[in-house]
Amino acid sequence: NYVFSDVPEICDQAIVMATNGIDFFHRDASEQNLEDLFVEPSRYRPKHQYDMIHDYRRNNENTNKLIPVRNNHRQVSQGRPDEQVESQGIIMIVEAENVSADLSSIGNVKTSVTDALESVGFGVLTVSALPPSENAYAETARNFALILKEGYVVVRTWPDHRHVSFDIHLWSSFGKHEAAKKALVSAVGGTMDSVTSYRIVAGGMFGVSTWKDDVKSRGPKVTQKCEEPTALQKALSNTDAESTTVAIKAGMSLVKEDNPIIAVLCGYETNPCTSIELLEKDNNVKEVIPLYTCLGLMADDQSFEDRQNAFFNCKESIVTSLHKAFAGEDRKLSAIVLDKSAPKEMGKMIGQILFRIFRGQKGAPEGVLSDRLLMLATVEEDSEGWRRKLLNVVREKIIVADPLFGCRVFLNSSDSSIELHVTSSGDDLFVEHLVDMVSTVESESGLSLEIRNILGGYWRPGPLSIMQQWEASKYMLPDDYDHTSSLEQWKSQKPLGYQTVVQLEHAQRYKVGANVKGSYNNGEDWLQARITKVDYAKDLYTVFYVDGDTDELSASNIRAISAKGPLEPITAAQIDNALTETLSKMKSESMGNSDVYRVENIGDGHVTMALWPGGTVVVVWDGRTRVDINLFTYSDDVDTADEFITHFKQSHGSLTTALRDEQPRGTGSVVNFLHDVSSTVDPRWA
């Protein structure tokens, strides 16, 4: 993935290359005698092929050969258990344009659609529609729905536009999706070359008789299984001290400053800190600054307040140490090393301190960091994955801006493997230096090194208040691109409706002041926190972590500290009451007068459908804890969808939003909402 690091990215223009036979790092670039539109002449130097590499990933074949069987829903289901543990479904969105059928006769369309579905093996249970006299859109649009044993289909017709849209939601017989699409399009006189379609993952239904066969036919298949640890897990468990030493030295060779000052995060001062011992013997290192774990930081018997105070006091102690260590002129921190002895709490602490420094917050050490900063850690056991996550957070959320790289390098011997994770800021030639390091270490140590991935940063840090005054070296203007086809597609769009598909789940609710565990580091970790604010309508909780961080989390990202019993299942009556109450509360009077249809005996749950002149809604309850809502309105109004979902969740106090998809429906391969394309002015990019 090649980019210019100093060119503003209004839209990301990159070149992505993939291969199964070329080593990008050791293959000399050759002149192909093509017109040069991208690579500047100044880039042609001996190792120029590394200059613009922004991202790189290698798929390691060996680690994919054995897939362990974990005790989770997906793997257990593939073993054909006796109990269904999840309900899954898929909605196919289909737009059929320029159809030839007579759409003015909705009765004939219903008959044709019903026959088409039955011809490919679907069991149609009922067909529901508004009488034409009650449909305010009778002259331009009509809709109806079919409830099947395997799912449901909503059909909307626009005779004036010769257009038909379908929602095909299946919770059984997923393999028939394509057959259903082709049969329905044919039934209304359409052709496949005038059809656009895509799928949305949705909820399903418990208790469907074919669920075991559906599990087998859904998704990718695990063809090789084993109960043994993967090769990488075995190798990590066999890591020796010598490999760790080589890894730290390899990482330090990426520091390209003379006489660097290195900070090392360690465990308690009374315990060994191998990285300090190693770096103090390095004649190229000017000074090593140890940052030891504070006594009492990780005591298990502490209250929330005591743990919070211990974390805060330790963090301020480290900040004070950094102030003192870099008080003199020309003293800059070049690298930060996480020693094997450093606990997770110290990692979180240094991450927060770096955040304060890079954001120029009050009390943060000023002028401490070198323009070229390196941070490295080894991962030797599965339990040390937090080290990798910490360096990713530093790259993604703290330093952010190019030139910035994060990489994973594996150092492999015949019976062991160690992972070196590096985050580098300010080194334009990092990839070149990395390739040189790999070659040198391999020749000197006898180990085999593998660069698993490289991930770059962003062109700018984000908020303008913290942007550096960069001057871009090259500008790509809209006139540099041919927008003919994209502009034609833009103008051909005709949005005819607004669709919202929402998946709701039955979840525990918490109150302000509750002590919980909150998702941390992008969901990769769980940390004790206290809830300080609640917004039940939006399913959002503001939490204050024990380490001083705050965040806004959904209910799915919060866990109770002590185990609670299972939630009481949702009942059919609760769903019916929620829908009835929601329709009555809507500002649109016609929604309160909707025709409501309910179909039972479809597995353990049921399907309820409401039709009114301005749209449709289908509510699927899976018989347990999930509710799917498919809401369509002819008006381009997100407020109606927001209002409906809010009322529905308020009518049943423990429902939270798991997923929400919104899309326009209409002609011209529509991808934009009406409010996006209603202007007569061409878009800025045109």
Considering the range 86-119, residues that are under 36 Å from the mean Cα position of the chain (by Cα) and not in a strand (DSSP E or B), and then whichever is surrounded by the fewest Cβ atoms within 10 Å (Cβ to Cβ), we arrive at Glu86
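Give the number of residues within the range 403-422 that are open to solvent by less than 10 Å² (accessible area, probe 1.4 Å) and either closer than 19 Å to Arg57 by Cα or within 25 Å of the chain's Cα centre (by Cα) (or both).
Here is the first cut: in the range 403-422, the residues open to solvent by less than 10 Å² (accessible area, probe 1.4 Å) are 404, 406-407, 409-411, 416-422.
So of that shortlist, the ones also either closer than 19 Å to Arg57 by Cα or within 25 Å of the chain's Cα centre (by Cα) (or both) come out as 404, 406-407, 409-411, 417-422.
The total comes to 12.
Kindly evaluate Ser165 against the criterion of being outside any loop (DSSP other than H, G, I, E, B) and either out of contact with any strand residue (DSSP E or B) (no Cβ under 7 Å at 6 or more places or on another chain) or open to solvent by 50 Å² or more (accessible area, probe 1.4 Å) (or both). Break it down into steps so the answer makes sense when it comes.
Details: outside any loop (DSSP other than H, G, I, E, B): yes; either out of contact with any strand residue (DSSP E or B) (no Cβ under 7 Å at 6 or more places or on another chain) or open to solvent by 50 Å² or more (accessible area, probe 1.4 Å) (or both): no.
Judged against the criteria, Ser165 is not a match.
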Considering the range 542-552, residues that are open to solvent by less than 10 Å² (accessible area, probe 1.4 Å) and assigned to a strand (DSSP E or B), and then whichever is farthest from Thr656 (Cα to Cα), we arrive at Tyr545
Tell me yes or no: at least one residue of the range 489-497 is open to solvent by less than 90 Å² (accessible area, probe 1.4 Å), modelled with pLDDT under 85, of a type outside the set (Asp, Glu) and in a loop (DSSP other than H, G, I, E, B). no
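Does Tyr498 satisfy the condition of being in contact (Cβ under 8 Å) with a residue 24 or more places away in the chain and either under 30 Å from Lys389 (Cα atoms) or small (Gly, Ala, Ser) (or both)?
Numbers: in contact (Cβ under 8 Å) with a residue 24 or more places away in the chain: yes; either under 30 Å from Lys389 (Cα atoms) or small (Gly, Ala, Ser) (or both): no.
Answer is no for this residue.
Could you run through the range 246-258 and say how many residues are in contact with a helix residue (DSSP H, G or I) (Cβ under 6 Å, 6 or more places away or on another chain) and of a type outside the set (Gly, Ala, Ser)?
The initial filter retains those residues of the range 246-258 that are in contact with a helix residue (DSSP H, G or I) (Cβ under 6 Å, 6 or more places away or on another chain), namely 246, 248, 250, 253-254.
Now drop any that are not of a type outside the set (Gly, Ala, Ser), which leaves 246, 248, 254.
The total comes to 3.
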When you check Ser217 against the structure, is it small (Gly, Ala, Ser) and either modelled with pLDDT of 90 or more or within 27 Å of Thr440 (Cα to Cα) (or both), yes or no?
no
Only unsatisfied item for Ala537, checking (1) touching a Ser or Thr at 6+ places or on another chain (Cβ under 6 Å); (2) closer than 30 Å to Ser128 by Cα; (3) not in a strand (DSSP E or B), is (2)
Taking first residues from the range 504-516 that are farther than 13 Å from Tyr541 by Cα and second residues anywhere that are assigned to a loop (DSSP other than H, G, I, E, B) and aliphatic (A, V, I, L, M), the pairs with Cβ under 7 Å that are 6 or more apart or on different chains are His506/Leu567; His506/Ile570
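Within the range 192-208, take every residue that is open to solvent by 20 Å² or more (accessible area, probe 1.4 Å) and in contact (Cβ under 8 Å) with a residue 60 or more places away in the chain and give me the one that is farthest from Glu505 (Cα to Cα).
Looking only at the range 192-208, we keep the residues that are open to solvent by 20 Å² or more (accessible area, probe 1.4 Å), and these are 192-199, 201, 207.
Adding the requirement that they be in contact (Cβ under 8 Å) with a residue 60 or more places away in the chain leaves 194-199, 201, 207.
Details: Ser194: 37, Val195: 33, Thr196: 30, Ser197: 27, Tyr198: 24, Arg199: 21, Val201: 15, Gly207: 18 Å.
The residue in question is Ser194.
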Looking across the range 499-543 at residues that are aromatic (Phe, Trp, Tyr) and over 24 Å from Val627 (Cβ atoms), the single one that is modelled with the highest pLDDT is Trp526
Within the range 231-256, the count of residues that are at pLDDT below 90, open to solvent by 60 Å² or more (accessible area, probe 1.4 Å) and either in contact with a strand residue (DSSP E or B) (Cβ under 6 Å, 6 or more places away or on another chain) or charged (D, E, K, R) (or both) comes to 3
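With Gly360, Gly347 as the choices, which residue is of a type in the set (Gly, Ala, Ser), open to solvent by less than 10 Å² (accessible area, probe 1.4 Å) and under 23 Å from Phe405 (Cα atoms)? Reasoning before the result, please.
Working: Gly360 fails: open to solvent by less than 10 Å² (accessible area, probe 1.4 Å).
Only one candidate qualifies: Gly347.
Take Leu631 and tell me if it is under 24 Å from Leu148 (Cα atoms) and either open to solvent by 50 Å² or more (accessible area, probe 1.4 Å) or at pLDDT 90 or above (or both).
Taking the combined requirement at face value, the residue satisfies it.
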Mind checking whether some residue in the range 33-56 is open to solvent by 100 Å² or more (accessible area, probe 1.4 Å) and either modelled with pLDDT of 80 or more or part of a helix (DSSP H, G or I) (or both)? no
Just to be sure before I move on: is Ser556 out of contact with any strand residue (DSSP E or B) (no Cβ under 6 Å at 6 or more places or on another chain) and within 30 Å of Ala529 (Cβ to Cβ) in the structure I sent?
yes
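Taking the options Ser414, Ser439, name whichever one is at pLDDT below 90 and hydroxyl-bearing (Ser, Thr, Tyr). Lay out the reasoning, then the answer.
Details: Ser439 fails: at pLDDT below 90.
The match here is Ser414.
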Quick count over the range 318-341, residues being within 36 Å of the chain's Cα centre (by Cα), within 14 Å of Val288 (Cβ to Cβ) and part of a loop (DSSP other than H, G, I, E, B), is 1
Residues of the range 577-627 being part of a loop (DSSP other than H, G, I, E, B) and buried (at least 16 other Cβ atoms within 10 Å of the Cβ), in sequence order, are Met586, Ser588, Ser594, Gly603, Asp604, Pro613, Gly614, Asp622, Gly623, Arg624, Thr625
* Is it the case that the range 370-380 has a residue that's modelled with pLDDT of 90 or more, in contact with a Lys or Arg (Cβ under 7 Å, 6 or more places away or on another chain) and open to solvent by 20 Å² or more (accessible area, probe 1.4 Å)? -> yes
When the range 67-97 is checked residue by residue, the ones that are more than 25 Å from Asp604 (Cβ to Cβ) and at pLDDT below 95 are Ile67, Pro68, Val69, Arg70
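The values are calculated or read from the model by the stated rules, or taken from the named source; none is laboratory data. None of the values given here were measured: they were computed from a predicted structure. Every residue, glycine among them, receives a Cβ derived from its backbone with ideal geometry; neighbour counts consider all protein chains shown. Areas reflect the complete protein model, heavy atoms only, side chains present, ligands, DNA and RNA absent. Shrake-Rupley method; radii C 1.70, N 1.55, O 1.52, S 1.80 Å.
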